[in-house]
Amino acid sequence: MSLRWLKSNERGVARRAFLGSAGTVVALPLLESLVPRRARAAAASAEPKRLIYYYVPDGIVMDAWRPATTGAGYAITPILKPIEALKADFMVVTGTRNDPAHPTGNGDHAAGTSGFITCAKALKSTTDIQLGISADQFAAMKIGMNTRVPSVVLGTEPGSEAGTCDSGYGCPYVRAISWGSMTTPMAKVTTPKTAFDLIFTGGDPAASAADRAKRQLYRKSVLDVAIGRTQTLRPRLGASDKLKLDEYLTSVRETERQVTDLPATGGSCMGAQAPNVSADLETNVKAFSDIMVLAMQCDASRIFTFMLGNAGGQHVYSNLGINRGHHDISHHGGILTNLQMLQTIDTYEIQLLGYFLNKLKSTTDGANNLLFNSTIYFSSEISDGDAHNHDDMPVLIAGHGGGMLNTGQHFSLPTTTKVSDMLLSTLRTVGVTGVPLGDGTAPVMDILNA
């Protein structure tokens, strides 16, 4: 076990330490006591910025989402009620449109999901998959080399890689929002344990069960040796850094414990058998949230995508007293009972998002916190589940982008505003500009501190 430094910027300022042994790497949070004094000022001014794209399926009940007034004085709406205490830390954006997400014929879920952060039009085919590069992967190309994991792609449901999943659209279109090229969706990790191993221990998700068991037995725990080794650091740390180190190692241990025995998800795309999701979706979503926060905390990665279900998701929210599939209910037909169930699901999704946002806000990051230094883009593949429309999209942008975002407001933008230009705005918060994202032309300056 050895202590090494990880350089996180081109100036060579050593900001992060990590402990390594037997193929296991445990990155440590920024400990100011270990940074040379002459470099501390530079390090403080170079806090990394993070970018998260968060997807939910089947649209939103817009009448319970859209604030009645604009600006900072808007009243919180019923769906957004779970994050009312964080009102100053997010903005609601209405009026945007994603024209490339319109399908050829039917297939709004596939076309909308594939266009979620690519803003590219999917070729309608089950074998000839063509789309475009997504916003997160443009960011990974530009800044991903600054971290051990260029980008993290997560989701709660897997699905078939082949066949038809929505009205003649191939299955990759409904199960991926992250695309590394016109023909390549990024592999999505769908179990928290695999995500934890991949990010924090260098595990191989394709390894056999025997190999993984052998590795687990040999390692015993990601932190067994590392925690003991960190004791040699303590004499070099100030009081605040000792507290930070204890907090970090405790949270890693707890997250590892939580994800070790979580059940895997399974199932297939819509149009076939409904996904066999874990009996406790909330536990999985919170575990993924914890893992993303930890990855940011130790600067393992700065770019994330998360799918709370695949396109046209049919999860049954029995924990909410609902016994029908989400996608079926989203075809509400204006029926009040359907709309009430949908509003309950939408509110629950925001509650889960709130867990993630609160976790970010409660985690110190340099002179600020992770929520301040992050940009979280939350939306769906369609607006209204019954109309399957791709205009007046439900968009929430949380975090402060390191101080670059005009949070605490409702922006009702002109109906010509493109989702792609909104995404260009999010990319700008992490220093990524001038990329050919879909039909984008320029960032939306209303939401940015110019």
Inset, instruction - Taking Ile133 as meeting all but one of (1) open to solvent by 20 Å² or more (accessible area, probe 1.4 Å); (2) of a type outside the set (S, T, N, Q); (3) out of contact with any Ser or Thr (no Cβ under 9 Å at 6 or more places or on another chain), write down the number of the exception. - result: (3)
Inset, instruction - Go through (1) open to solvent by less than 50 Å² (accessible area, probe 1.4 Å); (2) of a type in the set (Gly, Ala, Ser); (3) under 20 Å from the mean Cα position of the chain (by Cα) and name the single condition Gly431 misses. - result: (1)
Legend entry - Near pairs, Cβ below 6 angstrom, 6+ apart or cross-chain, from the stretch 63-83 (touching a residue at least 12 places away in the same chain (Cβ under 8 Å)) to any residue that is small (Gly, Ala, Ser) and open to solvent by 60 Å² or more (accessible area, probe 1.4 Å): Thr70/Ser412
Inset, instruction - Answer yes if at least one residue in the stretch 371-390 is open to solvent by 50 Å² or more (accessible area, probe 1.4 Å), closer than 27 Å to Phe138 by Cα and either touching a residue at least 24 places away in the same chain (Cβ under 8 Å) or assigned to a helix (DSSP H, G or I) (or both), and no otherwise. - result: yes
Legend entry - Hits in the stretch 376-393 (condition: within 17 Å of Leu86 (Cβ to Cβ) and not aliphatic (A, V, I, L, M)): Tyr377, Phe378
Legend entry - Residue check, Leu360 part of a helix (DSSP H, G or I) and over 17 Å from Gly309 (Cα atoms): yes
Inset, instruction - Please tell me if Ala287 is in a helix (DSSP H, G or I), farther than 18 Å from Tyr55 by Cα and of a type in the set (Gly, Ala, Ser). - result: no
Inset, instruction - May I ask you to list the residues in the stretch 300-328 that are in a helix (DSSP H, G or I) and either within 30 Å of Lys49 (Cα to Cα) or in contact (Cβ under 8 Å) with a residue 60 or more places away in the chain (or both)? - result: His326, His327
Legend entry - Selected residue (criterion: nearest to Phe304 (Cα to Cα)) from residues of the stretch 107-130 that are open to solvent by 10 Å² or more (accessible area, probe 1.4 Å) and of a type in the set (S, T, N, Q): Gln130
Inset, instruction - Could you tell me whether the stretch 84-96 includes any residue that is without any contact (Cβ under 8 Å) to a residue 40 or more places away in the chain, among the acidic types (Asp, Glu) and farther than 20 Å from His331 by Cα? - result: yes
Legend entry - Residue match in the stretch 337-352 (condition: assigned to a strand (DSSP E or B) and under 22 Å from Ala111 (Cβ atoms)): no
Inset, instruction - Please work out which residue is surrounded by the fewest Cβ atoms within 10 Å (Cβ to Cβ), limiting yourself to the stretch 68-97 and to residues that are of a type in the set (D, E, K, R) and part of a helix (DSSP H, G or I). - result: Glu84
Inset, instruction - Tally the residues that are touching a residue at least 60 places away in the same chain (Cβ under 8 Å) and open to solvent by 20 Å² or more (accessible area, probe 1.4 Å), restricting the search to the stretch 437-449. - result: 3
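Just give me the residues in the stretch 145-196 being among the charged types (D, E, K, R), open to solvent by 40 Å² or more (accessible area, probe 1.4 Å), touching a residue at least 60 places away in the same chain (Cβ under 8 Å) and not in a helix (DSSP H, G or I), in sequence order. Write out each step before concluding.
First pass over the stretch 145-196, keeping only residues among the charged types (D, E, K, R): 148, 157, 161, 166, 175, 188, 193.
Now drop any that are not open to solvent by 40 Å² or more (accessible area, probe 1.4 Å), which leaves 148, 161, 193.
If we keep only those that are touching a residue at least 60 places away in the same chain (Cβ under 8 Å) too, we end up with 148, 193.
Matches in the stretch 145-196: Arg148 only.
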Inset, instruction - Could you grab me the full set of residues in the stretch 403-447 that are of a type in the set (A, V, I, L, M, F, W, C) and within 16 Å of Arg50 (Cα to Cα)? - result: Met404, Leu405, Leu423, Leu424, Leu427, Val430, Val432
Legend entry - Search result, residues across the stretch 372-424 that are among the hydroxyl-bearing types (Ser, Thr, Tyr) and more than 22 Å from Leu352 (Cα to Cα): Ser412, Thr415, Thr416, Thr417, Ser420
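The values are calculated or read from the model by the stated rules, or taken from the named source; none is laboratory data. Bear in mind that the values here come from a model prediction, so they are computed numbers and not experimental data. Glycine also receives a Cβ, built like all others from the backbone with ideal geometry; neighbour counts cover every protein chain displayed. These area figures cover heavy atoms from the full protein model, side chains too; ligands, DNA and RNA do not enter into them. Shrake-Rupley method; radii C 1.70, N 1.55, O 1.52, S 1.80 Å.
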